[in-house]
Amino acid sequence: MKIEQIQFVNFRNHGSLTFGPSGGINLIYGPNGSGKTSILEGVHYCALTKGFVSAYDIECLKEGKPFFLLKGRFRGESGSETEVKVSYSRQSGKQLTVNTCNLASFSSHIGAIPCITFSPSDLSIISGSPAERRRFLDNAICQTDRRYLDALLDYRRILQQRNALLFQIREGRSGMDMLDILTEQMAEHAAVIVSARMRFIREILPVAESHLVAVSAGETPHIVYRCSFLPHEAAEAPDQLSRLFKERIREKRTEEIARAQTAIGPHRDEVLFFLNEKEVKKYASQGQKRSFLITLKLALYGYFQEKLDERPICLFDDLFSELDRHRVEGLLVLLAGFGQTIITTTEKREASAVSALNICEIA
């Protein structure tokens, strides 16, 4: 998949801009605050219907303007063309049009334009809460597995209903019958989610290891998925996971009612990252953390290509910061074998197979 052209109207600090990247590595350089990241975010909107810097559409609206508009033209490996239009206004909210069809469900577009992103804020995946690491898994798997996306959306909906019901039971305003029904439904979706997450980790880890060797020296990564209702990592079959979930949650009923919260499930699971058998979050340097995260992102490239038969677009914001020359050179060698990549940086870098673009000349 490649983006052939994208038009920006009133998006962040771009009043009107048209950008057409090359098919290889595109390096956009220029000072901070000049709109480099906004270009990446606009492509991300067209691919995944939202920004990766901010979760709020209104924050992407250029100051003083009533709306923003993004129009992207993409071409797949088969030569098929996809036109995406994303618009937002305070009055109408966000609207998504794909090939002239207005989509009421934004989730139906997920996976059509596979996309991998990196930004400095993503370091929270390493150093932040377990929710950040779960979100990394979810964002990746949702682009390749429609069943997973549907299960995740249904699980979140049932979780909200179940927590509300637990509160009503605690207050004496509801009985237990509905709780059993919601638990049965939740177990089915929880099993799909956990099984897919474990399989995802197993599949990307060897690729991440090979990429880490290319950008560092003698470091070995490992990833552990710690399931809140599973005593070990052995079980992956959804039917077995569903049974274990229901057994474990029955033991938690008194605790759940007292707290009015669902005690176990995919929303409580943890992902642990290790480098040379030491937990990355606790022991790795900033450069090691960044290298580890980048190699995880790069591992998604082959994963997406295999699952979707389509090469993803890579959007990397401030990719080279805090990396030494050796790691930067290793990254560029790797990326030269990828598809379309757009990287932002404050300084121009000369390298073969890289198209360097000054943001001031684009804008």
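Just add up the charged neighbours of Val53: K/R +1, D/E -1, any other residue whose Cβ is under 14 Å from the Cβ of Val53.
Details: positive: Arg12, Lys36, Lys50; negative: Glu41, Asp57, Glu59, Asp122, Asp317, Asp318.
After counting each charged neighbour, the total is -3.
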Just to be sure I understand the model, the point goes 7 Å from the Cα along the line to the Cβ. What's the resulting Glu132 to Ala104 distance in nm? 3.8 nm
Any idea what the relative contact order of segment 205-363 is, in percent, if you count C-alpha pairs under 8 Å spaced at least 6 apart? 25 percent
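Can you give the longest stretch of the chain with no exposed loop site, where a site means GluC sites (Glu not before Pro) in a DSSP loop (not H, G, I, E or B) with at most 10 other C-beta atoms within 10 Å?
64-170
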Where the centroid of each part is defined by its Cα atoms, how far is segment 247-261 from segment 1-71 in Å? 46 Å
For segment 129-306, what D do you get in µm² per second when you plug the Kirkwood radius from alpha-carbon pairs into Stokes-Einstein at 4 °C and 1.567 mPa s? 74 µm²/s
In this model, which of Lys36/Lys62; Lys2/Lys50; Lys36/Lys85; Lys65/Lys85; Lys50/Lys278; Lys36/Lys289 are farther than 26 Å apart at the alpha-carbon? Lys50/Lys278
Mind grabbing the base-10 log of I(q)/I(0) for the chain at q = 0.08, 0.11, 0.12 Å⁻¹? Debye formula, identical points on the C-alpha positions, no solvent, two decimal places. -0.45, -0.83, -0.96
Net charge contributed by nearby residues that have their C-beta within less than 9 Å of Val194 (K/R +1, D/E -1): -1
Using all C-alpha to C-alpha distances in segment 309-363, build P(r) with 10 Å bins and read off the rounded percent in each one. 20, 56, 22, 2
How many angstrom lie between the Cα centre of segment 166-209 and the Cα centre of segment 289-309? 26 Å
Taking Cα pairs closer than 8 Å and at least 6 residues apart, the relative contact order of the chain in percent is 26 percent
Once every DSSP H run of n ≥ 4 in the chain is given -39500 (n - 2.57) and the sum is divided by its residues, what mean residue ellipticity at 222 nm do you get, rounded to the nearest 500 deg cm²/dmol? -14000 deg cm²/dmol
To make sure I understand, if each residue's beta carbon is the centre and we count other beta carbons within 10 Å, what order do Lys289, Lys252 fall in, fewest to most? Lys252, Lys289
Compactness ratio of segment 156-238: Cα Rg over 2.2 N^0.38 Å, N = residue count? 1.62
How charged is the neighbourhood of Gln261? Take every other residue with its Cβ under 11 Å from the Cβ of Gln261, and add Lys/Arg as +1 and Asp/Glu as -1. +3
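For Cα pairs less than 8 Å apart in space and 6+ apart in sequence, what is the mean separation divided by the residue count of segment 129-306, i.e. the relative contact order in percent?
30 percent.
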If you take every DSSP beta bridge whose two residues both sit in the chain, what share of them, in percent to the nearest 5, is antiparallel? 70 percent
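Bear in mind that the values in this text are calculations on the coordinates, not laboratory data. Keep in mind the model is a prediction, meaning the values are calculated, not measured. All Cβ positions, glycine included, derive from the backbone under ideal geometry; neighbour counts span all protein chains shown.
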